[in-house]
């Protein structure tokens with residue numbers, strides 16, 4: 001796994017989250033755009049989580065500092081659970097049912113998602129680099 005690929009995923013997640021947050025803060029005329037952005041964000045997050053779940057988390061849990069690693073993994077599992085609950089409530093056009101509730105839920109969830117991305121970048125990947133689990137070289141080298 002390449003560090004830059006993971007960071008690129010984070011950048012894409014952050015940009016989509018910012019766009020969706022901007023739309024959610026607007027009026028309900030943005031329902032269709034909100035649904036499109038949420039669908040795209042769901043896809044990008046799912047692909048990114050698949051990479052992490054299959055590669056980083058199992059090895060981090062067995063790292064030199066497993067207590068700290070386990071705390072992070074537990075925290076990240078909770079937000080993953082909450083993300084799935086959020087998607088269950090709001091994807092597929094459900095925002096049109098209650099725009100104000102969608103707005104509140106979306107702004108809160110996206111703030112948590114961005115915090116997770118920042119923690120992963122700063123903490124989890126630092127641990128992975130120390131353990132030699134990710135490579136700083138560009139892909140293909």
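The values are calculated or read from the model by the stated rules, or taken from the named source; none is laboratory data. Values in this document were obtained by computation on a predicted structure and should not be read as measured data. With ideal geometry, Cβ positions are generated from the backbone for all residues, glycine too; neighbour counts draw on all protein chains shown.
Looking at this structure, is residue 31 part of a helix (DSSP H, G or I) and either surrounded by fewer than 16 Cβ atoms within 10 Å (Cβ to Cβ) or modelled with pLDDT under 90 (or both)? The answer is no for residue 31. A single member of 101, 89, 61, 46 is touching a helix residue (DSSP H, G or I) at 6+ places or on another chain (Cβ under 9 Å), exposed (fewer than 14 other Cβ atoms within 10 Å of the Cβ), modelled with pLDDT of 90 or more and at negative phi, and it is 101.
In region 11-20, how many residues are crowded, with 19+ Cβ neighbours inside 10 Å and either touching a residue at least 60 places away in the same chain (Cβ under 8 Å) or not in a helix (DSSP H, G or I) (or both)? Step through it out loud before you land on a result.
Let us first name the residues in region 11-20 that are crowded, with 19+ Cβ neighbours inside 10 Å, namely 13, 16-17, 20.
Checking which are either touching a residue at least 60 places away in the same chain (Cβ under 8 Å) or not in a helix (DSSP H, G or I) (or both) leaves us with 13, 17, 20.
Final tally of qualifying residues: 3.
With respect to the conditions (1) surrounded by 14 or more Cβ atoms within 10 Å (Cβ to Cβ); (2) at pLDDT below 95; (3) within 28 Å of residue 122 (Cβ to Cβ); (4) in contact with a helix residue (DSSP H, G or I) (Cβ under 8 Å, 6 or more places away or on another chain), residue 106 falls short on a single one, namely (2). For the condition buried (at least 17 other Cβ atoms within 10 Å of the Cβ), modelled with pLDDT under 75 and touching a helix residue (DSSP H, G or I) at 6+ places or on another chain (Cβ under 8 Å), residue 113 does not qualify. Among residues of region 95-124 that are closer than 26 Å to residue 70 by Cβ, those with a Cβ under 7 angstrom from a residue that is at pLDDT below 90 and in a helix (DSSP H, G or I), sequence gap 6+ or separate chain, pair up as 116/76; 121/7; 123/72; 124/56; 124/60; 124/72.
Please go through region 76-94 and give me each residue that is touching a residue at least 40 places away in the same chain (Cβ under 8 Å) and in a helix (DSSP H, G or I), ordered by number. First the steps, then the outcome.
Step one: filter region 76-94 for residues touching a residue at least 40 places away in the same chain (Cβ under 8 Å), giving 76, 87, 90-93.
Those that are touching a residue at least 40 places away in the same chain (Cβ under 8 Å) and in a helix (DSSP H, G or I): 76, 87, 90.
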